[in-house]
Amino acid sequence: MGFFRVAIRSPRILTNVSLTVVLISLSCGFSYEAHADAFLADWCFSGSCNGGPAAGGPANPPGFDASHFDTTLEPNSNTLGYYSITLGAGANQYAVAYMDYDLNFLQTGSFSDYGKVVGTAPAGVTYQLDDPNVSSIFTNFQSNLLSNTNNVGIPSGPPNECCDVAWAMGVTLTVPTGYLGLVTFTVSTTAPTSAFYLQQTNVTPTGVDGESLYLSETTNLQQISSAVPEPSTWAMMLLGFAGIGFMAYRQKAKSALMAA
């Protein structure tokens, strides 16, 4: 049996931290994307963290949709998924995601992964990959100051010595009046087709690359349906009223002639 190098992380999110190592993989009951080797240590999306309030906010504030994201924490396995955040109109609207997954956790523990940045981040997108135990990644996440760096990109030493990988990705956009901004963060075992994404790969006990996870984002603007008619609608309504009035006038005139 291999060995675990276990570090008790600082309480970045939770106020009460307990560590339990269980060598049994439990079924968590989700059906998004089955992946028995993915384990989630921490997660946080804007104001929602680890299923509880962050900075005094509610667990899932209005505009947050976690119904397709598995929040099951280790030592239970996790089935990944996607998380959506809806932003209102305004300049510099911001959505951000932070996640700390451990791949192949029951065999190699938390310290046998490395990160990779694929492609170039588009305008308005920031990111950071780092070791959450010794870096400022979570502080940068909270402050909207992600560094656009990958500090866990080169595995060093035998398995269980490097690295504990956490990733964060933020999206800043301007949402026009009359629109909503929908930002979706997706974690998958399949490489995205998008030009930019983050990758986390596990190093097996034999020293070769094992399973990988991928984090990507999509951003869409959705127009809000308005109860106030558009100008063209007003014009059609006025033409209709005019037509009705003209027909009523003709009918009245015809009735008067017949009476004479």
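Considering only the stretch 95-130, state which residues are among the aliphatic types (A, V, I, L, M) and assigned to a loop (DSSP other than H, G, I, E, B).
Matches in the stretch 95-130: A121, A123.
Out of V117, V96, I need the residue that is closer than 22 Å to D65 by Cα and touching a residue at least 12 places away in the same chain (Cβ under 8 Å). Which one?
Numbers: V117 fails: closer than 22 Å to D65 by Cα.
Among V117, V96, only V96 is closer than 22 Å to D65 by Cα and touching a residue at least 12 places away in the same chain (Cβ under 8 Å).
Given the condition charged (D, E, K, R), open to solvent by less than 50 Å² (accessible area, probe 1.4 Å) and under 14 Å from W43 (Cα atoms), answer yes or no: does some residue in the stretch 80-103 qualify? Quick ask: steps written out before the conclusion?
Applying the first criterion (charged (D, E, K, R)) to the stretch 80-103 yields 100, 102.
With the extra rule that they be open to solvent by less than 50 Å² (accessible area, probe 1.4 Å), the set shrinks to 100, 102.
Filter again for under 14 Å from W43 (Cα atoms), leaving 100, 102.
Yes, the stretch 80-103 has at least one match.
Just name the residue that is most open to solvent (accessible area, probe 1.4 Å) out of those in the stretch 182-196 that are of a type in the set (A, V, I, L, M, F, W, C) and within 19 Å of N78 (Cα to Cα). I'd like the intermediate steps shown before the answer.
First, the residues of the stretch 182-196 that are of a type in the set (A, V, I, L, M, F, W, C): 182-183, 185, 187, 191, 195-196.
Then drop every residue that is not within 19 Å of N78 (Cα to Cα), which leaves 185, 187, 191.
Details: F185: 2, V187: 3, A191: 46 Å².
Among those residues, the one meeting the criterion is A191.
Suppose we keep only residues that are hydroxyl-bearing (S, T, Y) and at pLDDT 90 or above within the stretch 156-181. Which one would you say is least open to solvent (accessible area, probe 1.4 Å)?
Only one residue tops the list, namely T172.
How many residues are farther than 29 Å from T177 by Cβ, at pLDDT 90 or above and outside any loop (DSSP other than H, G, I, E, B) if we restrict to the stretch 50-94?
2
What is the one condition in (1) over 16 Å from Q200 (Cβ atoms); (2) surrounded by fewer than 16 Cβ atoms within 10 Å (Cβ to Cβ); (3) in contact (Cβ under 8 Å) with a residue 24 or more places away in the chain; (4) not β-branched (V, I, T) that G153 does not satisfy?
Just one mismatch for G153, condition (1).
Name the strands (runs of 3 or more DSSP E) wholly within the stretch 171-226 that hold at least 3 residues that are under 12 Å from L87 (Cα atoms)?
Because the criterion is at least 3 residues that are under 12 Å from L87 (Cα atoms), the strands (runs of 3 or more DSSP E) in the stretch 171-226 that meet it are 179-188, 209-223.
Report yes if F138 is touching a Lys or Arg at 6+ places or on another chain (Cβ under 6 Å) and in a loop (DSSP other than H, G, I, E, B), otherwise no.
The answer is no for F138.
Assess whether Q199 counts as being surrounded by fewer than 16 Cβ atoms within 10 Å (Cβ to Cβ) and at pLDDT 70 or above.
Criteria not met by Q199.
The values are calculated or read from the model by the stated rules, or taken from the named source; none is laboratory data. Predicted, not measured: the structure shown is a model, and the values here were computed from it. Here the Cβ is made from the backbone with ideal geometry for all residues, glycine too, and neighbour counts use every protein chain on show. Keep in mind that these areas ignore ligands, DNA and RNA; they rest on the heavy atoms of the full protein, side chains included. Shrake-Rupley method; radii C 1.70, N 1.55, O 1.52, S 1.80 Å.
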